[in-house]
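Presented below is the structure to which this report refers.
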Amino acid sequence: MELEKKILKILEHDAKISPKTIATMLDEDEAHVREVLAHLEKEKYILGYNTVVNWDRFGENGVEAMIEVKVTPVREVGFNGVAERISRFPEVRSVYLMSGTYDLSIIVTADTMKEIALFVSHKLSTLDEVQSTVTHFILKRYKQDNFIFESPQEDKRLVISP
Amino acid sequence: MSTMDKYVSKTVQTIPPSGIRKFFDLVSQLEGVISLGVGEPDFVTPWHIREACFYSLEHGYTMYTSNQGLIELREEIALYMKRHIGVSYSPEREILVTVGVSEAVDLALRAIIEPGDEVLIPEPSYVSYSPGASLAYGVPVAVETFAEDEYRVRLDRLEKSITPKSKVLILAYPNNPTGGIMRHEDLEALVDIIIKNDLIVMSDEIYSELTYNGQHVSIAAMPGMKERTIVFNGFSKAFAMTGWRIGYACGHPDLIGAMTKIHQYTIMCAPIMAQKAALEALRHGETEMKKMVENYNYRRKIMLSGFREIGLECFEPQGAFYAFPSIVNTGLNSEEFSEKLIMEEKVAVVPGNAFGVIGNGHVRCCYAASVADIDQALDRIGSFLARHRKG
């Protein structure tokens, strides 16, 4: 278990680190690290790997919204049933159950604002359990998943120093 | 322009220029260089520490502090030293906050050396001690250390270097540039001879948090050694605060008092905003610091295993963030190797002879670099070796 956690901690920061390098870092056998990784992937401890992209650099105009959703919990399944239903929509990137004044926080991406508006009015609001929604469009991203967008950290050190 | 050399004091004239400087000029002209030549962390100072500095400025902390440094910082240093090396120091009388460890070393040498006194310096060694001893009118005496001894100071070699004029022994472990450390038993073995010869030990422990297999041990914690040891430490390496220039010295009140005398007339005090930041580092910086140390350790292993793969022989460093591989099988000396490597492969390393004559045949590679850069540099050094390996 300790080794699994150590591997995950390393990958969480940099998914591109090779099993060979991980093996070196942790004084482990490369074959063993590959086995552990395969196990973690198979058992869904690792759900996948993705990349943090700054699409703004391409001038892409995709939109993203954070939607607060109030829902009526259902007997037996509570919030899970509706949360899982919402999760299945491909335009939904993330779904979280929240404490506080609303229940679910969902993040939706689309090409245009209109598409998001249609998603909310046609698909989300029409679900029986959904009582109300509040849509917040994301205007600008400053930091995501540990990465700062505007001023990436560059090495400011002298190239040679004692 | 007429030469003014004749006005420069003999003492300064005889100090050789830093071997690193020349190399720095060479590297600065090139583009696309991967540098393993740095002597500092690749992390920026943790945000909460920088933020503590802004806060202090906003609240108008822009004045002198007492000569010895903010009392609350000295109190925090005393607590830290107690838990870190197990030695108690009085914040009022036994701790002096300085402008980096560099200042502390200079003060200590000037406060203690009489002209002609000998200063024993284990080499390879950081570049400042020997010139520092000369500037204090002392005589630097190299005590050679070797990879086969894991760069530890061996009793017999120390013994041979001691003369009636020996007054100071400098110990700088974990060591820059070798990554060697002195374990408990290694230090213990030296205690008798140090006491017998009435030596003062200056123990530069700036890299002590960066000790990878086991716990750092200070010679000040050995019986009879606290009073004759001045321990130097600071924030540069462990807390990634090189540019803040905050260090400190701990030792006997008479010695710290003598150092404070020089400090108060030459420096007055370390900058208050940096002292405030240092205070934050000691109070709340441990978690971040441990993460950085873990990260250095990972990269230490990556570099070492890379050296093994490309056939570069290297002592396994146990501390700091440097590896000091041997390049003798290329038939090149350190400077030739480093210059060719930078020109042919654009990888900057520091020639080992910058750290004393005994460092020749080696280069210093710093692994406080990104994993991607280390990998890339290893590839390049690999192809360089393939071209230049002899026989």
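A few points about this structure:
- Highest-fluctuation residue, B:L107, B:L30, B:L378 considered, GNM on chain B with Cα pairs under 10 Å: B:L30
- Only one residue of B:F232, B:M4, B:I162 has its Cα farthest out toward the positive end of the dipole of the protein assembly as shown, where Lys and Arg carry +1 and Asp and Glu -1 on Cβ, and that residue is B:M4.
- Rounded if a/c under 1.5, otherwise prolate or oblate - segment B:259-321, Cα gyration tensor axes: oblate
- In a reduced charge model with +1 at each Lys and Arg Cβ and -1 at each Asp and Glu Cβ, chain A shows a dipole moment near 340 debye about its Cα centre.
- Comparing Cα centroids, segment B:170-203 and segment B:365-387 end up 32 angstrom apart.
- More than 20 angstrom apart: percent of Cα pairs within segment B:212-350: 65
- With a Förster radius of 41 Å applied to the beta-carbon distance between B:Y137 and B:E75, the computed FRET efficiency rounds to 0.70.
- 29 Å Cα-Cα threshold exceeded, pairs from A:K16/B:K291; A:K9/A:K156; B:K82/B:K160; B:K6/B:K160: B:K82/B:K160; B:K6/B:K160
- Charge dipole (chain A, unit charges on Cβ, about Cα centre) - positive-most of A:N61, A:G48, A:T24: A:N61
- Straightening the chain between B:D5 and B:H59 buys 14.7 nm, computed as 0.36 nm per residue apart minus the Cα-Cα spacing.
- Sequence of B:S334, A:S161 once ranked by neighbouring C-beta atoms within 10 Å, starting from the fewest: A:S161, B:S334
- Computed from the Kirkwood radius of its Cα pairs, the Stokes-Einstein diffusion coefficient for chain A at 10 °C and 1.306 mPa s stands at 82 µm²/s.
- The calculated pair-distance distribution of segment A:2-42 uses every alpha carbon pair, bins of 10 angstrom beginning at 0, and gives 32, 66, 2 percent.
- Ordered by the count of other Cβ atoms within 10 Å of each Cβ, fewest first, B:M343, B:M63, A:M66 give B:M63, B:M343, A:M66.
- Efficiency of FRET between B:N329 and A:S121 - r from beta-carbon atoms, R0 51 angstrom, step 0.05: 0.10
- In this simple spin-label approximation, B:R389 and A:N61 carry label points 7 Å from Cα along the Cα→Cβ vector, and these lie 5.9 nm apart.
- Among A:E150, A:E64, A:E35: highest mean-square fluctuation, GNM of chain A, C-alpha pairs under 10 Å: A:E35
- For segment B:29-89, Kirkwood radius (reciprocal of mean inverse C-alpha pair distance, Å): 15.5
- Dipole in debye (nearest 20) - segment A:55-139, about Cα centre, beta carbon charges: Lys, Arg +1; Asp, Glu -1: 80
- Chain B, dipole about Cα centre (Lys/Arg Cβ +1, Asp/Glu Cβ -1), debye to the nearest 20: 300
- Taking B:M273, A:M25, B:M202 and counting other C-beta atoms within 10 Å, the order from fewest to most: B:M273, A:M25, B:M202
- Computed log10 I(q)/I(0) for segment A:55-139 at 0.12 Å⁻¹: -0.35, from the Debye equation with unit scatterers placed on every C-alpha and solvent omitted.
- Theoretical ellipticity at 222 nm over chain B - DSSP helices of four or more residues, -39500 (n - 2.57) apiece, nearest 500: -13000 deg cm²/dmol
- Stokes-Einstein D (µm²/s) once Rh is taken as the Kirkwood radius of the protein assembly as shown over alpha-carbon pairs, at 20 °C in 1.002 mPa s: 80
- Fully extending the segment from B:R93 to B:D254, taken as 0.36 nm per residue of separation minus the present Cα-Cα distance, adds 57.1 nm.
- Cα gyration tensor shape of segment B:64-150, rounded if a/c is under 1.5, else prolate or oblate by comparing a/b with b/c: oblate
Here, each number is a calculation from the coordinates, and none is a lab measurement. Keep in mind it's a predicted model, so treat the numbers as computed, not measured. Reconstructed Cβ throughout: ideal geometry from the backbone, glycine too, with neighbour counts over all protein chains shown.
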